[in-house]
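J.: One structure is given below, represented as structure tokens, and several questions about it will come after.
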Amino acid sequence: MRIFALHDATVRHPGPDGGAAVGVVGREAGYHAFLMLRLAFAVAPIAFGLDKFFNVMVDWPTYLAPWINDLAPGSPQTLMYVVGGVEILAGVLVALKPRYGAPMVAAWLAGIIVNLLTVPGFYDVALRDFGLLLGALTLARLAISYDPPLRRKQS
């Protein structure tokens, strides 16, 4: 008899021996979703962050809104180095502790969306990043269940 541990939905389904198996379904699917999102939001920020230093995939400074460029000291490429460093840090944090890294990625994506909405011609990219923002928020929510908080050692 198989028993699936997942939230509070109890279901009956045929077991391997033909008899009815009763189980709770949902936790394993939620955990698998958590793992897939954790992998995606660890690898993608690290990869895109590294590319900010080399501009192999994209010429990143072209995505920078002029008003942000005016606020930041240095050249647009210098700002992309900072952006790349933050993205790498966010990806590593998601890999190590998604409970804390996922909200950081979500906030970062919100900032990217604001930037893109102020640059004509990048609305499609802003919409894509909004989808990524929803994925990061989903990871943050799942991390509450699957990634325990840091605890201080009792002295």
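The values are calculated or read from the model by the stated rules, or taken from the named source; none is laboratory data. On a predicted model such as this, the values are computed, not experimentally measured, just so you know. Virtual Cβ from ideal backbone geometry, glycine too; neighbours counted across all protein chains shown.
J.: Would you check which residues across region 99-131 are touching a Phe, Trp or Tyr at 6+ places or on another chain (Cβ under 8 Å), part of a helix (DSSP H, G or I) and within 17 Å of Pro61 (Cβ to Cβ) and list them?
T.: Correct list: Asn115, Leu116, Val125.
J.: Identify all residues within region 59-90 that are more than 25 Å from Gly101 (Cα to Cα) and of a type in the set (Ser, Thr, Tyr); write none if there are none.
T.: Within region 59-90, Thr62, Ser75 qualify.
J.: Return the residues of region 128-155 that are more than 17 Å from Leu35 (Cα to Cα) and without any contact (Cβ under 8 Å) to a residue 24 or more places away in the chain; say none if nothing qualifies.
T.: Passing the criteria: Arg128, Asp129, Phe130, Gly131, Arg151, Arg152, Lys153, Gln154, Ser155.
J.: While we're on this one: On the basis of being part of a helix (DSSP H, G or I) and under 21 Å from Pro61 (Cα atoms), does Leu142 make the cut?
T.: No, not satisfied.
J.: A further question on this structure: Anything in region 80-102 that is crowded, with 19+ Cβ neighbours inside 10 Å and either within 10 Å of the chain's Cα centre (by Cα) or among the hydrophobic types (A, V, I, L, M, F, W, C) (or both)? List them, or say none. Steps first, please.
T.: Going residue by residue through region 80-102, those that are crowded, with 19+ Cβ neighbours inside 10 Å are 80, 83-84, 87, 90-91, 93-94, 98-99, 101-102.
Hits for region 80-102 are Met80, Val83, Ala90, Gly91, Leu93, Val94, Pro98, Gly101, Ala102.
J.: Hey, could you check region 62-98 for residues that are in contact (Cβ under 8 Å) with a residue 24 or more places away in the chain and part of a loop (DSSP other than H, G, I, E, B) and say which is nearest to Leu35 (Cα to Cα)?
T.: Top of the filtered list is Lys97.
J.: Yes or no: Phe4 aromatic (Phe, Trp, Tyr) and at pLDDT below 95?
T.: Details: aromatic (Phe, Trp, Tyr): yes; at pLDDT below 95: yes.
Spelling it out, Phe4 is indeed aromatic (Phe, Trp, Tyr) and at pLDDT below 95.
J.: Follow-up question, since we're still on this one. Just give me the residues in region 15-58 being at pLDDT 95 or above, of a type in the set (D, E, K, R) and closer than 23 Å to Pro103 by Cβ, in sequence order.
T.: Across region 15-58, the qualifying residues are Arg38, Lys52.
J.: Mind checking whether some residue in region 72-81 is among the β-branched types (Val, Ile, Thr) and at pLDDT 95 or above?
T.: Within region 72-81, the subset among the β-branched types (Val, Ile, Thr) is 78.
From the residues that got through so far, the ones that are at pLDDT 95 or above too are 78.
Checked region 72-81: at least one residue is among the β-branched types (Val, Ile, Thr) and at pLDDT 95 or above.
J.: Among the residues of region 30-75, count how many are among the β-branched types (Val, Ile, Thr) and under 30 Å from Leu142 (Cβ atoms).
T.: Taking region 30-75 as the starting set, the residues that turn out to be among the β-branched types (Val, Ile, Thr) are 43, 46, 56, 58, 62, 68.
From what's left, under 30 Å from Leu142 (Cβ atoms): 43, 46, 58.
Adding up the residues that qualify gives 3.
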